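First the structure, in the form of structure tokens, and then the observations on it.
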Amino acid sequence: MKTSLAFLFAGLTIPLAAASQLPVDDFSQWKTPRDWKAASGQLEHPFTKWTSASTTLKLKKEGVHRVTFRYRTPGAAGVPLKIRIGTKVAAAFPATENWSLATVYFREKSPVPFAFIAERKKPYTLQIKEMKLEALEKTDCRKIRLNADDGVSPFRTMKGEMHQTIKVKDHIDEGAAFLCRGNGAKDLRSIELPATPGRRYRLSFWTKGSSGTLRATVDGGWFPKTKYWSFGETMPVSEQWKKHSMEFRCPTEQEYPYLKRGLISCRFTVPAEQMELFLKGIELEELP
Amino acid sequence: MKNILSLISVCAILSCAEGKNLLRNSSFELGSAEYSITAGIPYSASDFSPGKAETDASTRIHGKYSLFFPNPKGNTMQFSSHDLRLIPGRHYTFSCWIKAEKNTEVEVRFRSCSYDSKGYHWKNALTVWNVTPGWKQYRFTFPAMPETNPTGNLLLIWIAEKLWLDAASFSETSAPYSPAEPIETAFDRGGNPLLFPGKHHFPVKAVNYSNQKTRHRVALELYDVFYRKSVPLKPVVFDLDPGTVAEQTVSVNLERYGTFELRMNADSTPLLFSVIGELPVRSYSFRNGFSVGINGHLFHIQSTRFQAEDPDKSPKAPLFGACGMNLDEFFARTRQCGFGSIRLHDDGVFYWWRTEHECGRYDWRITDNIIRKARKNGLDVLPRLGSSEFVAYGKDKFAGTWIRKAGKHTGVKVIGRAWRILPPPEAWERFIYEFVSRYRNEIQCYEIINEPNLFLTPEQYTDYLKRAYRAAKKADPDSVVVGFCATGDLNGNLGKFLEDCGKLGAFQFADAVSFHPYSAQLDDSPVPAEQQIRQVFAILRKYRKDLPVWNSELYFIQSLKGLRKPVAEHGEFPVGNLVRRYLIDLGEGLAQSIPAWAPRITGVDLRPEYRWPNYAASTFIPNEYAAATNAFSRFLECGKGRGAVPLLRGLSAWSYEDQNGSPLLACWAKDEGETFLLILPENMQAYDLFGNPLPGKKIETGNNPVYLKSRDRNPDWKAIQVIPRRKLQVTGARILAGQGKRVLAVEIRNNTNQEQQTAVRIPGTPKQEFTLKPQGMRTIHFPVPAAEKEEVGIIVSDGSEILTHRIRPVSGKFCRPGEKQTVGRNAEFQIRTTPEFLEFQIQVRDDKRGGRIKDAPWSGDGVELFLDTAPGRELDRQAYTDSCYRLFLVPESSNGLPEALTGSPNLDLRGIVCTLNDSGSNYTAAIRIPWKNLGLQGPSGIAFDLAVDDSDGERRHRQDVWAGGAENWRNRFLFGFLLLP
């Protein structure tokens, strides 16, 4: 069975807050391998082991930009969908049988190469649609939510069984929560989120699960030969929903030069033998 | 006699479970361990020496000893085993070697008493053995027990002066005797089960039935019965030669108050005891001030087999169960527990007819012993004079007594199932005079007739009370006549009874008023306990100020979530509830609190599976209820209440002064399951229910009271910080009329002293967010869920915590204006509304007009209206609020009472227009009520109900209600709703 990549593109233009939407080339304009077929906004191409579809994003100014798109990867079974922006892999989104809304934040100079990268030994189908590019203002970055209603995409499971999203009936907000299950230790890492060095932030979230503890950490990512920064707290987990928050200062560029990239991510770590952990309403908020 | 069964029989210690002997210490090598021996002694006796059992090495069947029972007085001796666990449906055989000095009968009984949701299950099987001098083995195979009765115990009862037992067996087969285990250990139970803190020594015995020397290690632990926690103790090691018995002593440092079990890791009965503190005063009298008492506190054995029949065929007088204590010691233990008094009622002993067995002839022996020994040991006594003499059930146990025969059988049915009897008033008065005369130097207080509001009219009671008062004062001018004893139990309307008696001038014939607050048990009852007490005082103030009020009975103290009648007098209730009641009674200014009944305070060690404690107990072992009473009395006997202290809603807090004037605060979470964190100032110390100091300044307080003491003479209790565990609480949910449709109303309460940002939703609906003021409440509306009769999960968040409250909404009937509604088979109504008024148009078909009682419109033909204009408020309270109103419309009665429209005191009848068309039997009516009379600006979706009363004779015999039922008069949640467009 050949792997096929089907790109479905629907141009939706719903502006968010002060963010301004920027045009993205139609998929028919994208650089794709030979023998790709395009019909009715959908691209399909048989490939073996590795493939990619790329374009160039034209940005109007510097600053934080956000790309969102919906994707699903039925049959991918654990293989992430990677995004390369510029020269680096900027994000990797978990495989999912159901449509998930993926978001990636970045700061780059225009024009910036953008590519989807899919790789797997066994064939599967990758579907992508509704891709949108936005330039964000400062106000857009003041409060960022990781929403389980978007699907599994806001997190990657670094350790333990693959996380999932599940509708919860006992939370004050309707909708879904992230759920980690299983006997072993669990570790979730979020997508990278915009953060300004030197500013104070609050990470807050609702959690419940098997009684025990949870460690919440924020960091600037790990890079070789680079001084690493992180900040974390251990919180109790109970069988009732409780809201936790931790406040921290994002160090300055002088303290940690690599943080000038302006992106951090958060991690949630649960020790082994705590069978379940639910997370909902995760927010990173810049403090005045 | 030589050892017939040699040690070789030990090899026959059956490995087969069927043949296993279930009786421990069955060879009695450990004396009477695992058994109790009680001498049943008439309360009229002069000697109450307890029953004895001694090991006798001179004659035996197995091992080295038999068990010998000397009984020179020929008392009824009752020998009881520990609990035996059976397999229902199987047959068990009890066998025992017995001999007596002379031919004698021994009754053998296997008894079982279990309890489940269906009630009690009693099973008894008995036989009689004719025991002769000379050892002989006797056997009996009992009928199989049903599934409801998986445990039981054995009783042997006799009156022989000398009897021996040995080699007892209880098993499924009739195999040769063998002990239950090759090594057996047991505690020695001879000691006092009431101990003071300190080091105590407990003997432990062991026997080795095997033919090998054995080292036997016994692990021990001290178990706290209330907190359900164990502390391991140093084990005991026995080195036992074959066929020998050894004894060691276990030393335990008892540092805490409470009730405990000393347990070992063997199949043996734990040793049960309580650790209490010394009371400030050994001897108490009602004159001294407030105390707590106990009802029905005597101690009987079950069997009356060997007692002569009463010539009147009345119940035989129970026998005092002298087991490990005589009557003096029994009362002394009772006093040590902190009880100031015993109320002579519901004890099976104290009856008028038993004292005056023939008209004019008195036998004072029983009451002499009880009253004088109780007084000697520091207890005061409240005899309840008059009870069963006034009421007869279908099988009248007292039918043969002269009092019953001389009484007037009125033919009036009372309490639904008994008949009113009026004993001869002159005999009554004479008896009171004789009784008070007899005991004028010992006691002072006498209670007149138990719960008369259930079976006497106010007029009848007043007459008997007046006579009793006159007689008592003639016999002893200083006597204190405690009158009324009105009950809220069995739907008794105690307030109305007191009011009616007051109107008759009855309060001039009493020096104190007693009542039984079954209808308002605790502060979280639908009618809070303190509210009822204030209502009682309010009634008394109208007729006679400053009469002291006593709570003289409240056997079951449960926080009522519904207005259903409590299930059974023997139901369990938390220990803390008893102390709460004491504290409420003292806090509200009652003179005495005598709520509990004797079985409640009696610990059962050997036979806890036998669910009738009176008969299961061996000796009087005061349990955790008694230990908690001891703490209360150490703190507050003869103390005074200084009023409630409003620290935070949901936390009941009362201030007191002890007998030395030192301040004390008692507090507890009012609602079941709630907890609060108290943060105490430096100078305060907290104590638990038993008087144990609680460490630290952060005290978690649940429904069990906590005592707080301060070093300051005038402490500022409000300096205590109170933090509720649940900041927000759903107090209730109800389906009612809102905005022209049915809605689910949910009431949320802020338990804290701060504003709370609140969010609430039910599944399937968006959340509603609002700010709740400190201690504020709000009712919000949701769509009615599809499964409206099911529990609803209401999700509440304060921004940091989410809790789901599961609650079953109260629901009711709905109707719209203009819709015809039926009430029963013979009445209809419809409602009309205008911007100015609410009108009920009612048609009643009635074949016969009947009578009614004056000033009691509900007692005859008529219509009752129930109105609740704020049905969405106070959803945790079924009792009427200020927004509840009642109207009564009655046509002319057959006994000449005129038609009338009356209402509840809070309803202004001016402006209410009523037209009544009366044919003499049928009638129609229109009742037009201005909205403003109900405190409303205009049409509103109120809750209401309509009842039609029917009388064909002297009084009402039937009531039909549109929505609710018989409890409408006190439960507003039963009403239906008016749904306005």
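Some notes on this structure:
- Over segment B:640-724: Kirkwood hydrodynamic radius from C-alpha pairwise inverse distances, Å: 12.7
- The angle separating the long axis of helix B:365-376 from the principal Cα axis of greatest extent in chain B is about 90 degrees.
- Note that segment B:917-922 has calculated 3J(HN,Hα) couplings of 10, 10, 8, x, 9, 5 Hz, one per residue in order, obtained from phi through the Karplus relation 6.51 cos²θ - 1.76 cosθ + 1.60 (θ = phi - 60°); glycine and proline are x.
- Selection of trypsin sites (Lys or Arg not before Pro), segment B:489-558, meeting DSSP coil and at most 16 other Cβ within 10 Å: B:Arg544, B:Lys545
- Spin-label model, B:Arg372/A:Lys122: points 7 Å from Cα along the beta carbon direction are separated by 9.8 nm.
- For chain A, the longest site-free run once chymotrypsin sites (Phe, Trp or Tyr not before Pro) in DSSP loop states with at most 13 other Cβ atoms within 10 Å are removed: A:1-221
- Whole-Å distance, taken between Cα centres, linking segment B:147-216 and segment A:167-206: 63
- Residues A:Asp149 and A:Ser245, FRET efficiency given R0 of 22 Å [Cβ-Cβ distance, rounded to 0.05]: 0.55
- Across segment B:193-206, rounded Karplus estimates of 3J(HN,Hα) from the backbone phi angles (6.51 cos²θ - 1.76 cosθ + 1.60, θ = phi - 60°) give x, 10, 10, 9, x, x, 8, 10, 10, 10, x, 10, 10, 9 Hz, Gly and Pro being marked x.
- Ranking of A:Asp25, B:Asp310 by solvent-accessible surface, largest first: A:Asp25, B:Asp310 (1.4 Å probe, protein heavy atoms only, all chains present).
- Using the Cβ-Cβ distance between B:Thr127 and B:Lys73 with R0 set to 35 Å, the FRET efficiency from 1/(1 + (r/R0)^6) comes to roughly 0.85.
- Qualifying GluC sites (Glu not before Pro) for segment A:121-227 [loop in DSSP, other Cβ within 10 Å: at most 14]: A:Glu137, A:Glu161
- Using R0 = 25 Å, the C-beta based FRET efficiency linking B:Glu426 and B:Asp396 works out to 0.65.
- Whether chain B is rounded, prolate or oblate, judged on the alpha carbon gyration tensor where a/c under 1.5 counts as rounded: prolate
- Under 5 Å between amide hydrogens, built in the peptide plane, is the criterion, and for B:Glu700 it picks out B:Leu678 among residues at least 5 positions away or on other chains.
- Built amide H within the under 5 Å cut-off of B:Val391, gap 5+: B:Ile421
- Distance between segment A:79-120 and segment B:879-925 - C-alpha centres, whole angstrom: 80
- Mean ellipticity per residue at 222 nm, deg cm²/dmol - from DSSP H runs of n ≥ 4 across the protein assembly as shown, formula -39500 (n - 2.57): -3000 deg cm²/dmol
- Listed cross-link partners B:Lys316/B:Lys373; B:Lys73/B:Lys123; B:Lys405/B:Lys466; B:Lys313/B:Lys373; A:Lys109/A:Lys260 are compared with a 25 Å cut-off, the Cα-Cα value being larger for B:Lys73/B:Lys123; B:Lys313/B:Lys373.
- Across q = 0.09, 0.11 Å⁻¹, segment B:751-910 modelled as identical point scatterers on its alpha-carbon atoms has Debye log10 I(q)/I(0) values of -0.50, -0.69, in the order of the q list.
- Remark on B:Val128: its backbone amide H falls under 5 Å from those of B:Val108, a criterion applied only to residues 5 or more positions apart or on other chains, H modelled at 1.01 Å from N.
- When B:His409, B:His781 are compared by accessible surface with a 1.4 Å probe, the order from highest to lowest is B:His409, B:His781.
- Kirkwood radius, segment B:728-807, all distinct C-alpha pairs, inverse of mean reciprocal distance: 12.8 Å.
- Those trypsin sites (Lys or Arg not before Pro) in segment A:82-146 that DSSP places in a loop and that have at most 11 other beta carbons within 10 Å: A:Lys109, A:Lys121
- A simple spin-label model places pseudo-atoms 7 Å from Cα toward Cβ; at B:Lys789 and B:Lys813 they are separated by 1.6 nm.
- Distance histogram for the protein assembly as shown (every C-alpha pair counted, 10 angstrom bins, percent rounded to whole numbers): 2, 7, 12, 15, 15, 14, 12, 10, 7, 4, 2, 0, 0
- Using θ = phi - 60° and Karplus 6.51 cos²θ - 1.76 cosθ + 1.60, couplings along segment B:793-807 (whole Hz; Gly, Pro as x): x, 9, 9, 10, 10, 9, x, 10, 8, 10, 10, 9, 9, 9, 8
- Nearest-ten-degree value, helix B:575-587 long axis tilted from longest Cα axis of chain B: 50
- Linear extension gain, B:Gln659 paired with B:Ala856, 0.36 nm per residue minus alpha-carbon span: 66.3 nm
- With eigenvalues of the C-alpha gyration tensor scaled by 5 and rooted, segment B:814-978, Å: 25, 17, 15
- For segment A:40-173: rounded, prolate or oblate by the Cα gyration tensor [a/c cutoff 1.5]: oblate
- Using a probe of 1.4 Å, the accessible surface attributed to B:Asp546 totals some 150 Å² when neighbouring protein chains are kept in position.
- Per residue, the accessible area of the protein assembly as shown comes to 41 Å², computed with a 1.4 Å probe over protein heavy atoms only.
- Exceeding the 25 Å Cα-Cα cut-off - candidates B:Lys99/B:Lys213; B:Lys670/B:Lys697; B:Lys848/B:Lys932; A:Lys122/A:Lys167: B:Lys99/B:Lys213; B:Lys848/B:Lys932; A:Lys122/A:Lys167
- Additional length obtainable on full extension of the chain from B:Thr765 to B:Asn917, 0.36 nm per residue less Cα span: 49.7 nm
- Probe 1.4 Å, all protein chains present, accessible-area order of B:Thr771, A:Thr234, largest first: A:Thr234, B:Thr771
- Between B and A, accessible area buried - total, square angstrom, nearest 100, 1.4 angstrom probe: 1100
- Net charge dipole size for segment A:142-286 [Lys, Arg +1 and Asp, Glu -1 on Cβ; Debye, nearest 20]: 360
- Across chain A, the fraction of Cα-Cα pairs farther apart than 35 Å, rounded to a whole number, is 18%.
- Bridge orientation summary for the protein assembly as shown: considering DSSP beta bridges with both residues in this region, about 90 percent are antiparallel.
- Seen against the Cα atoms of chain B and their longest principal axis, helix B:494-503 is set at about 70 degrees.
- Relative to the Cα centre, the charge distribution of chain B, modelled as +1 at Lys and Arg Cβ and -1 at Asp and Glu Cβ, gives a dipole magnitude of about 160 debye.
The values are calculated or read from the model by the stated rules, or taken from the named source; none is laboratory data. All figures in this text were calculated on a predicted structure; none of them were measured in a lab. Glycine also receives a Cβ, built like all others from the backbone with ideal geometry; neighbour counts cover every protein chain displayed. These area figures cover heavy atoms from the full protein model, side chains too; ligands, DNA and RNA do not enter into them. Shrake-Rupley method; radii C 1.70, N 1.55, O 1.52, S 1.80 Å.
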